[in-house]
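Derivation of every value follows stated rules applied to the coordinates shown; laboratory data play no part. These numbers come from a predicted model, not from an experiment. So basically every Cβ, Gly included, is an ideal-geometry build from the backbone, and we count neighbours across all protein chains shown.
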């Protein structure tokens, strides 16, 4: 687990969730290629990423490429990805944009017991043969493991 400083009002667990949990046999299906090489330059969320006007690429590994069949029909996709550099032991965080601490489950911060991030992205291009999908933006570091791709349905995903 990365050793990041914690802010005074934050609360960390006294154990590393990665060392105590059953992993559920999760597999990574590929990687996300983004322009962001460091945490300092990486946008904090997908809205900020879109303002930077930088496309990204999903690289789906060969065994999973048949699963891309039909994905080109969708204008938007929901991505789930693993924020591998995030802390996993913080349960109460103090975000820079809030004056008071908040529980991790009331935030979209990457620091959480299971550092799974979610973003809805616009699909620009698909090449099923190479497993590459071009998307409009992303808010993660280059090489971030990709967990899943789901089609975005306006009828289901808009509250």
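Using C-alpha pairs under 8 Å with a sequence gap of at least 6, the mean separation divided by the residue count of the chain gives a relative contact order of 37 percent.
Using helices alone, what [θ] at 222 nm do you get for the chain, with -39,500 (n - 2.57) per DSSP H run of 4 or more residues, divided over all residues and rounded to the nearest 500?
Working: 3 runs with 14 residues, N = 159.
Dividing the helical sum by the residues of the chain leaves -1500 deg cm²/dmol.
Checking [x] -0.40, -1.17; [y] -0.33, -1.17; [z] -0.46, -1.02 against the coordinates, the calculated log10 I(q)/I(0) by the Debye sum over Cα atoms at q = 0.10, 0.18 Å⁻¹ falls under label [x]. The stretch 28-61 and the stretch 125-146 have Cα centres lying 8 Å from one another.
Relative contact order (percent) for the stretch 76-159, with alpha-carbon contacts under 8 angstrom and 6 or more residues of separation? Intermediate results must be reported in sequence, preceding the final value.
Working: 132 pairs, mean separation 34.0, N = 84.
Over the stretch 76-159, the number comes to 41 percent.
Normalised radius of gyration for the stretch 76-121, please: alpha carbon Rg relative to 2.2 N^0.38 Å, two decimal places.
Working: Rg = 11.5 Å, N = 46, 2.2 N^0.38 = 9.4 Å.
Here the answer is 1.22, to two decimals.
Peptides 86-95, 5-14 ranked from most to least packed give 86-95, 5-14, packing being the mean of other C-beta atoms within 10 angstrom over each peptide's residues.
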